[in-house]
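The values are calculated or read from the model by the stated rules, or taken from the named source; none is laboratory data. Every value quoted in this text rests on a predicted model; they were computed, and no experiment measured them. Don't worry about glycine lacking a Cβ; one is built from the backbone with ideal geometry, like all the others, and counts go over all protein chains shown.
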Amino acid sequence: MKISVVKNILEANQRIAEENRRRFSESQIMAINLMSSPGAGKTSLLERTIRSLKEEFLVGVVEGDIQSTFDAERISQTGVPVVQINTGGACHLDSNMVQEALGRLDFRNLDLLFIENVGNLVCPAEFNLGEDFKVMILSVAEGDDKPLKYPLMFRESSVLLINKIDLLPFCDCDPALIEDRALKINPRLIIFRISCRSGEGLEQWTDWLRRQFRRTPASAA
């Protein structure tokens, strides 16, 4: 019975995700689902990314948290529209939550939509939101064993951002080992080493976003 219930939940989520995807495509919006554990640096990455791109693109953000509006308030300081989703205890966003949030955004004034998922390395990977790309952030402070412990997250992601590399002198972590283990799980994974504090590697990340926006069917429509 439990397996049947889980299957039904995922199938319902997938149907709504496809509706979200159609809306993004029709409006020529590229959607990015940002996933990580708590404290890996999603919000800091968003702040730096938005400031780098907002003169070129119309950017919007959907902020997912179990509770509070703290991150949404930070993002609002960048001057872009942001919609908060509080899950009330759920450990991930699902496509229905995102669909409801989309009604509070003006699609006519959006090129890029970032969806900051709830901090969790398990559940968010299982739920399609209708995004164009899943992007995972892993901080070096979390260690180099995470691809072994949470393979689904690495398998489902298009991009891995190894964040906080400025902390490497203080961490027992080998980013090359992260890359090797992650690529064995997902050989197509694109990996950038970055620091949201120093800015190292962020230009390569934002250049990748620019290239994908030009290549997506939505932006070419």
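A few points about this structure:
- So GLY89, is it at positive phi and not polar (S, T, N, Q): yes
- Taking the numbered list (1) small (Gly, Ala, Ser); (2) within 30 Å of ILE185 (Cβ to Cβ); (3) more than 17 Å from the chain's Cα centre (by Cα) in turn, SER68 passes all entries but (2).
- Condition check for LEU209: surrounded by fewer than 16 Cβ atoms within 10 Å (Cβ to Cβ), part of a helix (DSSP H, G or I) and in contact with a helix residue (DSSP H, G or I) (Cβ under 8 Å, 6 or more places away or on another chain): no
- A search for C-beta distances below 9 Å between a residue of region 183-194 that is under 11 Å from ILE162 (Cα atoms) and any residue that is of a type in the set (Asp, Glu), counting only pairs 6+ apart in sequence or on different chains, returns ILE191/GLU179; ARG193/GLU179; ARG193/GLU200; ILE194/GLU200.
- Residue satisfying condition, being part of a loop (DSSP other than H, G, I, E, B), of a type outside the set (Val, Ile, Thr) and either modelled with pLDDT under 95 or within 17 Å of ASN33 (Cα to Cα) (or both), within set GLY64, GLY89: GLY89
- Checking MET97, MET35 one by one, the residue that is assigned to a strand (DSSP E or B), modelled with pLDDT of 95 or more and either within 16 Å of CYS123 (Cα to Cα) or not β-branched (Val, Ile, Thr) (or both) is MET35 and no other.
- Qualifying residue in region 133-156 (condition: assigned to a loop (DSSP other than H, G, I, E, B) and within 18 Å of MET30 (Cα to Cα)): no
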